[in-house]
Amino acid sequence: EAGVAQSPRYKIIEKRQSVAFWCNPISGHATLYWYQQILGQGPKLLIQFQNNGVVDDSQLPKDRFSAERLKGVDSTLKIQPAKLEDSAVYLCASSPDRDSVGYEQYFGPGTRLTVT
Amino acid sequence: QKEVEQNSGPLSVPEGAIASLNCTYSDRGSQSFFWYRQYSGKSPELIMSIYSNGDKEDGRFTAQLNKASQYVSLLIRDSQPSDSATYLCAVKGSRGSNYKLTFGKGTLLTVNP
């Protein structure tokens, strides 16, 4: 079974520029997550999709971050304009569904963003 | 704000020893608990999940859960240098939090040959 795919793996941009990340979840997984992991911290959830609907985006900085999941499969996360503090690894994860028990999340390789 | 706290580390153990990693959480409604291993520069890899009070063993790994004390632990027996990584405790919240997965900051484990 193929894992979660992400691209690009690395990105360097200047502040105030825009950037987009792409994620393809494990086939058949209904739930897709975007996390931000700053160096030395655990991943922090930015947004959670169930099929193509947003379940939770309470920690997404909506003035600069946006995300969509077209047709309930692939997803893109965009930052516009980027700030220095956005330098982090952006992780995409997926799970078969969501519930209180079970449905482990599996992570993609991540995109390392450096904002200069 | 639901919190997950891990022993700060770093933790250093000799090869062959038992490494003990601890985690406490604040959301009493949580039902699912996970341990992820993260090598430097890599993404988190799920190594254990536990849903019921007690112990769950998988090879050299044992996860322990005590919901009354809101405490989760991971024991690594016969530690190997390849176990050197950051271990992340993750707790899935209740329905009111949309089953959000909250991570601790991680504990860096170094196993010395």
(request) Tell me, please, whether a residue that is out of contact with any strand residue (DSSP E or B) (no Cβ under 8 Å at 6 or more places or on another chain) and of a type in the set (Asp, Glu) can be found in the stretch A:9-26. (result) no
(request) Report, by residue number, each residue of the stretch B:1-22 that is within 25 Å of A:Gly110 (Cβ to Cβ) and out of contact with any Leu (no Cβ under 8 Å at 6 or more places or on another chain). (result) B:Gln1, B:Lys2, B:Glu3, B:Val4, B:Glu5, B:Ser8
(message) If A:Gln50 satisfies all but one of (1) surrounded by fewer than 19 Cβ atoms within 10 Å (Cβ to Cβ); (2) closer than 20 Å to B:Phe34 by Cα; (3) in contact (Cβ under 8 Å) with a residue 40 or more places away in the chain; (4) not acidic (Asp, Glu), what's the number of the condition it fails?
(response) (2)
(message) If a residue must be more than 22 Å from B:Gln70 (Cα to Cα) and either free of Cβ contacts under 8 Å to residues at least 40 places away in the same chain or touching a Cys at 6+ places or on another chain (Cβ under 8 Å) (or both), how many such residues does the stretch B:10-45 contain?
(response) 4
(request) Among the residues of the stretch B:33-56, write down those that are touching a Leu at 6+ places or on another chain (Cβ under 9 Å) and farther than 19 Å from B:Ser8 by Cβ. (result) B:Phe33, B:Phe34, B:Ser43, B:Ile47, B:Met48, B:Ile50, B:Tyr51, B:Ser52, B:Asn53, B:Gly54, B:Asp55, B:Lys56
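For (1) within 14 Å of chain A (Cβ to nearest Cβ); (2) touching a helix residue (DSSP H, G or I) at 6+ places or on another chain (Cβ under 9 Å); (3) of a type outside the set (D, E, K, R); (4) surrounded by 14 or more Cβ atoms within 10 Å (Cβ to Cβ), each residue gets a yes or a no:
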{"site": "B:Ile76", "(1), (2), (3), (4)": "no, yes, yes, yes"}
{"site": "B:Val91", "(1), (2), (3), (4)": "yes, no, yes, yes"}
{"site": "B:Lys100", "(1), (2), (3), (4)": "yes, no, no, yes"}
{"site": "B:Thr110", "(1), (2), (3), (4)": "no, yes, yes, yes"}
(message) Can you tell me how many residues within the stretch A:83-116 are crowded, with 20+ Cβ neighbours inside 10 Å, among the small types (Gly, Ala, Ser) and within 7 Å of chain B (Cβ to nearest Cβ)?
(response) 2
(request) Filter the stretch A:53-76 down to residues that are surrounded by fewer than 17 Cβ atoms within 10 Å (Cβ to Cβ) and touching a Cys at 6+ places or on another chain (Cβ under 7 Å), then give me how many there are. (result) 1
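Per-residue answers, yes or no, for (1) away from chain A (no Cβ under 11 Å); (2) under 29 Å from A:Tyr90 (Cβ atoms); (3) out of contact with any Phe, Trp or Tyr (no Cβ under 9 Å at 6 or more places or on another chain):
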| position | (1), (2), (3) |
| --- | --- |
| B:Lys42 | no, yes, yes |
| B:Ser49 | no, yes, no |
| B:Ser52 | no, no, yes |
| B:Thr62 | yes, no, yes |
| B:Ser79 | yes, no, yes |
| B:Asp83 | yes, yes, yes |
| B:Thr86 | no, yes, no |
(message) For the list (1) over 22 Å from A:Gln36 (Cα atoms); (2) away from every other protein chain (no Cβ under 13 Å), I need the number of the one condition that B:Ser26 fails.
(response) (1)
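Readers should treat all values here as calculations from the given coordinates under stated rules, not as data from a laboratory. Note that the coordinates shown come from a computational prediction; the quantities given were computed from them, not determined experimentally. Cβ atoms come from the backbone with ideal geometry, glycine included; neighbour counts cover every protein chain shown.
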